[in-house]
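Novice: Shown below is the structure under consideration.
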Amino acid sequence: MNLWAHEFRLLMRQRLPMAALALLTILTVASLALGIAEVSRQRDAISAIPAAQSQDIAAVADYIDSTKDAGSAAYYSYHPTWDSPSPLAFAALGMRDVSPYILRVRALGLEAQIYDGDTFNPELALTGHLDFAFVLVFLAPLFVIALFHDIVSGEREAGRQRMLEALPHGGTALWQRRGALRLILLWAGLALPFVVAAGLEGVSVGPILAIGALIAAYLLFWVGLAALVSRFRRSSVANAAILAAAWLLLVLVLPTLANVAINATVPVHQGAEIALAHREEVNRAWDIPREDTMRRFYAHHPEWSGSAPLGPDFHYKWYLAFHQNGDESVAPQVHAYRAGLESREAAARTVGILLPSVGAQMLLTQMANTDLSAQLRYQDRIRAFHKRLRTFYYGYLFNDLPFGRKDFDRVPEFDSRT
Amino acid sequence: MSVVTLVARDELRMMVRNRVAMIGLALLMLLTLTAVLSAWMYQRGVSELRARHAHAAESTFDAQPDRHPHRMVHYGSFIFRPLGPLAAFDPGVDAFTGSSMFLEGHRQNTANFGDVRQSSPLIRFGQLTPAFILQAVAPLLLVFLGYGSLARETERGTLRMLILQGVARGKIVTGKLLALGLVALIAGMPAMIGLAAIAVRQDTPALPVLTIAAGYAAYLALWAVLIVLISAWVRRSRDALLVLVAIWAVSTILLPRAAAGLADAEIPLANRLQTDVAIGRDLRAIGDSHNPDDPHFAAFKRSVLDRYGVSRIEDLPINYKGVVALEGERLTSSLFDHYAAKSFAAQARQNAMVDLAGLLSPAIALRAMSMAAAGTDLDGHRRFLEQAEAYRYALVQRLNSMQAQDVSYLDDMATDPGADRRKRVSAANWQEIPDFRFAAPDGATLTAAALPSLIMVLAWLAVALAMLALVTRKLGLRR
Amino acid sequence: MPNIDPILISDLTLDYGGGDLVLDGLSLAVPAGSITALLGGNGAGKSTTLAALLGFARPRSGAITVCGIDPVMDPDLARRRMAYLPENVALYEHLTAMENAEYLLALSGERVPVAGIEDALAAAALQKRAWHQRLGGFSKGMRQKVAIAVALLREVPVLLLDEPTSGLDPRATADFNQLLIEVRARGAAVLMVTHDLLSAADIADRIAFLEAGRVAYEVAASGAERFDVRGLHARFQLTAERLAA
């Protein structure tokens, strides 16, 4: 048996480290299972869209087919969009619980639709997920503390330190060997179940390797902290207390303080103000000459300006035009709102450089496409799709083309990848 | 001086000499004060902002010109959920639910713009509030201060010496408990001062404040007992520390998430798309108001004509379009209520499952108690949504009635150039419509909701005390 | 280097940074195949001498070698030549005697077959039924036997012992002394720190009295009488009293 095998045997006989390693592995597996279950529920919900949707659209088509009115088709048709979970989403569910991953939109004003949420239980969201990111960021450091707080001090307290250090392969090399072995086992307890889960979920090799490295780096930070604390040659119990206090600060207290600081220093005008302004802008159209609305619309969209002038009757092209005018009138606020959200996320990234707990969490959600940026990208896709929808319906409305049952098959479909 | 006070004084002296522990305690108090202030300012800021938005929305509604009532049905109303005063102590789910809602006819919109989607992503690490400090941070500090209280004495053999000198075991344990209890009191003090500052505000109900104070006092007392219990149980202080940190991590960090994760997996919620499609399907099953041959609406038309003893809708003394709008809104609204109730029932079942986990973790029970008493739990949000829906329905039906009463059917159907003018009703009508006022639950309601969880926390305390009594009897006997 | 004593200390001074000399001109030589007992009161520098030999303490001046190797310059190489038994031989309680021996040998860089370890345990007079028992219930004497067995197997030329007989009953002390005689017979240089004069007088070839960081006097065994225990005891007492005053 070589030295490593001896250390392994020694570790195997110790109750606390083995219990800790077993528990960490169990928690990792549980978190992965819960994450995969959640993600597959989300996939099921997304794959159930077409069935529900076709039922809904068929009813609309039945009604529209009698009038052939493209405006009514645009008004009554809801078009689904969705944000499929990335292969890695199971590991870090991020914001997918509080932000919708399915949203239906109409060709009307988008700013009144895009901030809608989906149904979720806020108490469960408040608690947070038990996903792999949680096990790594919150729990793994506690296991590092359990396994590393007494590597040297424990031997000192047992009266073996001198004798071990007097042996040719004892001393620093021995502590390093023991630390490395424990680190490898902790890493394995986290990474091996993850690799299996990632394999099942079809994650490609690159991200798997990256997360394996992230796990190692995050563990190494805590191991380094434990090594630093042990240099003060305090008792095992003092080491454990100091490390647990550091954990409390780094994982629990400082992120909440940073959140308060970020929200105070990076003000974001409430989204509600956009909604209020948008609604005023849209409804104002009923009180101003319809020609004003159309002039403004044509100025921005000359491609439709050749359309016939409005008659005395209600025409949906006017209705949709003032909805689009409404969207365009709040564009600066929308832009500022989004920029505010992005700078809050950027500020959190900066905090992540200083706080490894925050950094690891943000890296994981970033890789898993479950962070705020991913939500904003989904909104971008919705916007692009909405634009296609408008163009599609405008083609009928501004040219006064009939919209029959067959035309429902021509409606643009959301492409979740672009 | 009695033995108990002697032991307590000795233990306190030990803690005071522990510089790291004292710094920790001071930091905790500082942190709590920061939390009290920040939560207070947040509650103030949010309340004012929402009140301002609500006021702005109300004035624009009142300032609408003469309109066709149905235009106002679509103009709708923007309402904002007010934040109760106790949210400054425990904001609960406030940040995780939308705080503003657009109310309009035929549709039930979601509450939007929750802080969780507008705040920095760090919000998922937790919010710095007095409740968070007392639930999560304070117990761990007590662990650091108290893990060695008896284990240290066992380890060094001083405990045996005390017992051999005839000091009753119960008195030693009581003394240690007293000392740690005192520290718990000090640790909880800043948060309680913050609570008191909230309590003196006029709009704060007294009973929930007392419930919250009692609940947190019991919770911290529970931790003090638990710490002394474990310290008495194990032989080495290191083991006491590790066991206590493990208990803390499992009960306050792991179990809440595990319970939430299981509840989420076990009890699925219908998503909005499925609900909307289902409501559409149910509506079609009842009847299609667009279809002249639809049996439901044909029968409805028959009944209206019969009621007024006429044979044509043009002969009705009221506007038939308004009557149909009233009927349509009644139908959709009943379906909204039905599906919302279903969704809330599922969420309540999820929460009940989490509450059950309070049997395994006192932190879960305490959190439920705290949010329920502060009115910031799911029920609080549900109250808002239900009142919002009731208001929406009343508003829309009032406008529909206006259409039925004040706009003639012939005008409503006319398309001549002057018709638009004739269809409108006076702007004075909008000002007469009452604004949305959230009816906050009274103190008794909140307290009643918090009571089951409070009892669970107290039961935990009782069990821990009983176990401590058992362990005390065997103190010093184990090797 | 056949002529150099395995333990050779000359004019060693050492302090722990405070300025007070813990060792102050210590000179000591332990030849191969002999046992030297180092006696002295508390604070005389006994443990520091061992620490210096093991390379844990850095001398201010003087020379120290173990088998010709400077433990300060090359502690690893020096430690290959030494075995060290602390006062309380603490081993791993959740490993058996065999496993402990295997582990310590591995840390010493030795590869010894199981049969070899069994022979050594037998040579160290550990009862056979204890070989595969976990160390949890072992007495100090039994634990020492395991450590001595490891030292025997390592065939180290130098054995350092810190208070080996304190807390041993007379029977166990006799057993242990027998073991040391066995080690000496294999040619090792044994340095044993103790304040048990009687035990030292029983087996040591030389006794060195340490006082204020230097060897105050040194006596060698002579003839069948070996040591004048009574006389040594009186001198030892006197020294202790003088130091106390």
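Novice: So, in segment B:64-79, how many residues would count as being out of contact with any Gly (no Cβ under 8 Å at 6 or more places or on another chain), more than 7 Å from every other protein chain (Cβ to nearest Cβ) and free of Cβ contacts under 8 Å to residues at least 60 places away in the same chain?
Specialist: 0
Novice: Hey, can you tell me all the residues within segment C:44-79 that are assigned to a loop (DSSP other than H, G, I, E, B), within 14 Å of chain A (Cβ to nearest Cβ) and touching a residue at least 40 places away in the same chain (Cβ under 8 Å)?
Specialist: C:Ala57, C:Cys67
Novice: For residues that are crowded, with 17+ Cβ neighbours inside 10 Å and within 14 Å of chain C (Cβ to nearest Cβ), scanning just segment A:1-55, find the one that is farthest from B:Leu283 (Cα to Cα).
Specialist: Step by step, filter segment A:1-55, then rank; the result is A:His6.
Novice: State all residues of segment A:329-354 that are small (Gly, Ala, Ser), within 13 Å of another protein chain (Cβ to nearest Cβ) and either within 16 Å of A:Leu376 (Cβ to Cβ) or not in a helix (DSSP H, G or I) (or both); if no residue qualifies, say none.
Specialist: Of everything in segment A:329-354, those that are small (Gly, Ala, Ser), within 13 Å of another protein chain (Cβ to nearest Cβ) and either within 16 Å of A:Leu376 (Cβ to Cβ) or not in a helix (DSSP H, G or I) (or both) turn out to be A:Ala336, A:Ala339, A:Gly340, A:Ser343, A:Ala346, A:Ala347, A:Ala348.
Novice: Considering only segment C:178-193, I want to know if a residue exists there that is modelled with pLDDT under 85, within 18 Å of C:Thr239 (Cα to Cα) and touching a Lys or Arg at 6+ places or on another chain (Cβ under 9 Å).
Specialist: Within segment C:178-193, not a single residue is modelled with pLDDT under 85, within 18 Å of C:Thr239 (Cα to Cα) and touching a Lys or Arg at 6+ places or on another chain (Cβ under 9 Å).
Let's see how each residue does on (1) closer than 30 Å to A:Ala70 by Cα; (2) surrounded by fewer than 24 Cβ atoms within 10 Å (Cβ to Cβ); (3) not hydrophobic (A, V, I, L, M, F, W, C):
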position	(1), (2), (3)
A:Ala107	yes, no, no
A:Ile114	yes, yes, no
A:Asn121	no, no, yes
A:Leu126	no, no, no
A:Val135	no, no, no
A:Phe138	no, yes, no
A:Ala146	no, no, no
A:His149	no, no, yes
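Novice: Considering only residues that are charged (D, E, K, R) and part of a loop (DSSP other than H, G, I, E, B), which ones fall in segment A:68-109?
Specialist: A:Lys68, A:Asp69, A:Asp83, A:Arg106, listed by residue number.
Novice: A follow-up question, please. Check B:Ser231, B:Ser237 and return the single one that is of a type in the set (Ser, Thr, Tyr) and facing chain A (nearest Cβ under 7 Å).
Specialist: Of the residues listed, the single one that is of a type in the set (Ser, Thr, Tyr) and facing chain A (nearest Cβ under 7 Å) is B:Ser237.
Novice: Scan segment B:249-261 residue by residue and report those that are within 9 Å of another protein chain (Cβ to nearest Cβ), touching a residue at least 60 places away in the same chain (Cβ under 8 Å) and in contact with a helix residue (DSSP H, G or I) (Cβ under 7 Å, 6 or more places away or on another chain).
Specialist: Correct list: B:Ile253, B:Pro256, B:Ala259, B:Ala260.
Novice: C:Ala106 - would you say it is more than 19 Å from the chain's Cα centre (by Cα), within 14 Å of chain A (Cβ to nearest Cβ) and either in contact (Cβ under 8 Å) with a residue 40 or more places away in the chain or surrounded by 20 or more Cβ atoms within 10 Å (Cβ to Cβ) (or both)?
Specialist: Yes, satisfied.
Novice: Read through the list (1) more than 24 Å from A:Ala59 (Cβ to Cβ); (2) away from every other protein chain (no Cβ under 14 Å), then give the number of the only condition that B:Ala299 fails.
Specialist: (1)
Novice: List the number of the failed condition for B:Leu145; all other conditions in (1) surrounded by fewer than 23 Cβ atoms within 10 Å (Cβ to Cβ); (2) closer than 25 Å to B:Leu6 by Cβ hold.
Specialist: Looking at each condition in turn, B:Leu145 falls short on (1).
Novice: Mind checking which residues of segment B:92-146 are free of Cβ contacts under 8 Å to residues at least 12 places away in the same chain, part of a helix (DSSP H, G or I) and farther than 30 Å from A:Val237 by Cα?
Specialist: B:Arg117, B:Pro121, B:Leu122, B:Arg124
Novice: Checking B:Tyr393 against (1) crowded, with 18+ Cβ neighbours inside 10 Å; (2) more than 38 Å from the chain's Cα centre (by Cα); (3) of a type in the set (Ser, Thr, Tyr), only one condition comes out false. Which one?
Specialist: Unmet for B:Tyr393, out of (1) crowded, with 18+ Cβ neighbours inside 10 Å; (2) more than 38 Å from the chain's Cα centre (by Cα); (3) of a type in the set (Ser, Thr, Tyr): (2).
Novice: Name the pairs: first residue in segment B:417-433 and free of Cβ contacts under 8 Å to residues at least 24 places away in the same chain, second residue surrounded by 10 or more Cβ atoms within 10 Å (Cβ to Cβ) and in a helix (DSSP H, G or I), Cβ to Cβ under 7 Å, at least 6 apart or on different chains?
Specialist: B:Ala419/B:Asp411; B:Arg422/B:Asp411
Novice: OK, next. Working carefully through the options C:Ala120, C:Ala115, find the one that is hydrophobic (A, V, I, L, M, F, W, C) and surrounded by fewer than 16 Cβ atoms within 10 Å (Cβ to Cβ).
Specialist: On inspection, the qualifying residue turns out to be C:Ala115.
Novice: Let me ask something else about it. Residues of segment A:140-160 being more than 8 Å from chain C (Cβ to nearest Cβ) and under 19 Å from C:Leu105 (Cβ atoms), which ones?
Specialist: Within segment A:140-160, just A:Glu155 meets the criteria.
Novice: Which residues, counting only those in segment B:305-315, are on the phi < 0 side of the Ramachandran plot and surrounded by fewer than 17 Cβ atoms within 10 Å (Cβ to Cβ)?
Specialist: B:Leu305, B:Asp306, B:Arg307, B:Tyr308, B:Val310, B:Ser311, B:Arg312, B:Glu314, B:Asp315
Novice: Counting only residues that are under 11 Å from the mean Cα position of the chain (by Cα) and over 12 Å from C:Pro157 (Cβ atoms), which one in segment C:175-192 is surrounded by the fewest Cβ atoms within 10 Å (Cβ to Cβ)?
Specialist: Among them, the one singled out is C:Leu180.
Novice: Please enumerate the residues belonging to segment C:80-98 that are within 12 Å of another protein chain (Cβ to nearest Cβ) and either acidic (Asp, Glu) or outside any loop (DSSP other than H, G, I, E, B) (or both).
Specialist: C:Arg80, C:Met82, C:Ala83, C:Tyr84, C:Leu85, C:Glu87, C:Glu93, C:Thr96, C:Met98
Novice: Which one is modelled with the lowest pLDDT among residues in segment B:412-439 that are in contact with a helix residue (DSSP H, G or I) (Cβ under 9 Å, 6 or more places away or on another chain), part of a helix (DSSP H, G or I) and of a type outside the set (Asp, Glu)?
Specialist: B:Ala419
Novice: Which of (1) part of a loop (DSSP other than H, G, I, E, B); (2) in contact with a strand residue (DSSP E or B) (Cβ under 8 Å, 6 or more places away or on another chain); (3) charged (D, E, K, R) does B:Glu389 not meet, given it meets every other one?
Specialist: The failed condition is (1).
Novice: Check segment A:153-163 and report whether any residue there is surrounded by 21 or more Cβ atoms within 10 Å (Cβ to Cβ) and either part of a loop (DSSP other than H, G, I, E, B) or modelled with pLDDT of 95 or more (or both).
Specialist: No, segment A:153-163 has no match at all.
Novice: Something else: Can you name every residue in segment C:21-45 that is within 18 Å of C:Leu161 (Cα to Cα) and crowded, with 22+ Cβ neighbours inside 10 Å?
Specialist: Those that are within 18 Å of C:Leu161 (Cα to Cα) and crowded, with 22+ Cβ neighbours inside 10 Å: C:Leu28, C:Val30, C:Ile35, C:Thr36, C:Ala37, C:Leu38, C:Leu39, C:Gly40, C:Ala44, C:Gly45.
Novice: Does A:Thr256 qualify as being more than 9 Å from chain B (Cβ to nearest Cβ) and either among the aromatic types (Phe, Trp, Tyr) or without any contact (Cβ under 8 Å) to a residue 60 or more places away in the chain (or both)?
Specialist: no
Novice: Confirm whether A:Ala275 is at pLDDT 90 or above, more than 8 Å from every other protein chain (Cβ to nearest Cβ) and in a helix (DSSP H, G or I).
Specialist: So A:Ala275 does not fit the description; no.
The values are calculated or read from the model by the stated rules, or taken from the named source; none is laboratory data. Computed from a predicted model, the values in this text were never measured in an experiment. All Cβ positions, glycine included, derive from the backbone under ideal geometry; neighbour counts span all protein chains shown.
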